[in-house]
Amino acid sequence: MPWIQLTLDVPDDLKDAVVGELSGEGVAGVWESGEPAPGWTRLIVYAGVTADLESMQRSVRLLFVRSQCPEPVISRRSVEDQDWTEEWKKSYSSFPIGNNFFVIPSWSGYACPEDRFPIRIDPGQAFGTGTHETTQLTIEAIERWVEPDQLVLDLGTGSGILAIASRLLGANHVVACDIDPVAVHVARENIDRNAEDKVWTFCGSVEAIRSGSVRLGLCNLTAEVIISLLPEIDRVLEPRGIAIFSGILREQNEQVREVMDRYHFTIHEEASRGEWLALVAEKHGTQVHLPA
Ligand SMILES: C[S@@+](CC[C@H](N)C(=O)[O-])C[C@H]1O[C@@H](n2cnc3c(N)ncnc32)[C@H](O)[C@@H]1O
């Protein structure tokens, strides 16, 4: 069956909104195929022949207009069915991430620069290729906050990339979990591929973690999930433990900060890239009990 391929360039600030708009019915996948200019991403969208292309293009144009960007040029062509995983693999290559790491697709024989740790990843169906701003912001924060002899909790591990990075930087024990069993399987394979010991994985979430046991929590989730899990994250952190919160849209900053304030977290750092924000926060020394 043939597919329709749409190609368009979007400003990085608009990328996630456009991908969200395009992830509706009839769309098989949206790929980021490169950076046509600084601050811009080229998106390639594959849609079934029955998809309502006119309506999709209208919604995308509307997003541009609302953001006061010139209307995008959207090119369209028909492509034959193919092995999509193999096609995607061609677009995922090695790249540096943070100051210390170099991501290498597991199927590539690319050599790692001597001054960086290699992270060999096959993301499969899991989130965590390393190309997303939210992962990059978290890795950069890990580089500043991880210390030896710590227990690190990677909450929502996806491909396992953050767990691997933490261990490479000397975290003594890492526990990585995800509510998606496919992600846990992928993470386990990637952790083993990188020969990382002392990294435990399980399918589930923060509820399974012992109170007061975590020194550094990695939470690249969404603002909604962070807010709903904050009481549990507070419970599992040691007094004065640190949590790195990522996956927050800039416009959600106040909302997230307000809830963190209620739980008496002190925010030490705020970093942003594109439309995304990461916060590094310290838990208050004693457990805070809030009225229901
Ligand atoms: C944005 S991805 C982050 C993946 C990876 N850690 C990274 O930084 O690239 C978020 C992951 O959190 C998982 N997740 C969502 N809600 C969760 C929850 N309540 N507990 C644990 N994991 C969750 C999702 O399945 C997904 O794999």
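Is there a residue in the range 45-53 that is assigned to a helix (DSSP H, G or I) and farther than 30 Å from residue 118 by Cβ?
Narrowing the range 45-53 to residues assigned to a helix (DSSP H, G or I): 53.
Subset that is farther than 30 Å from residue 118 by Cβ: 53.
Yes, that holds for at least one residue.
Scanning the range 71-105 for residues that are part of a loop (DSSP other than H, G, I, E, B) and within 24 Å of residue 133 (Cα to Cα) gives 72, 92, 93, 94, 98, 99, 100. When every residue of the range 118-125 is checked against the conditions, none turns out to be touching a strand residue (DSSP E or B) at 6+ places or on another chain (Cβ under 6 Å), more than 12 Å from the ligand (Cβ to nearest atom), part of a loop (DSSP other than H, G, I, E, B) and touching a residue at least 40 places away in the same chain (Cβ under 8 Å).
The set of residues in the range 131-184 being of a type in the set (Asp, Glu) and at negative phi consists of 133, 140, 143, 147, 154, 178, 180. Can you find, within the range 37-64, the residue that is surrounded by the most Cβ atoms within 10 Å (Cβ to Cβ) among those that are in contact with a strand residue (DSSP E or B) (Cβ under 7 Å, 6 or more places away or on another chain) and over 24 Å from residue 249 (Cα atoms)? Here the answer is 47. Residue count for the range 91-128 under the criterion of being among the basic types (Lys, Arg) and touching a helix residue (DSSP H, G or I) at 6+ places or on another chain (Cβ under 7 Å): the result is 1. Considering the range 160-197, and only residues there that are out of contact with any strand residue (DSSP E or B) (no Cβ under 7 Å at 6 or more places or on another chain) and crowded, with 24+ Cβ neighbours inside 10 Å, the residue that is nearest to residue 121 (Cα to Cα) turns out to be 186. Within the option set 247, 204, being within 17 Å of the chain's Cα centre (by Cα), within 10 Å of the ligand (Cβ to nearest atom) and small (Gly, Ala, Ser) holds for one residue only, 247.
For residue 66, indicate whether it is among the charged types (D, E, K, R) and either farther than 20 Å from residue 274 by Cβ or in contact (Cβ under 8 Å) with a residue 24 or more places away in the chain (or both). So residue 66 fails the test.
Where a number appears in this text, it was derived from the coordinates with a stated rule and is not lab data. Please read these numbers as outputs of a predicted model, since none were measured by experiment. Here Cβ is always computed from backbone atoms with ideal geometry, including for glycine, and neighbour counts include all displayed protein chains.
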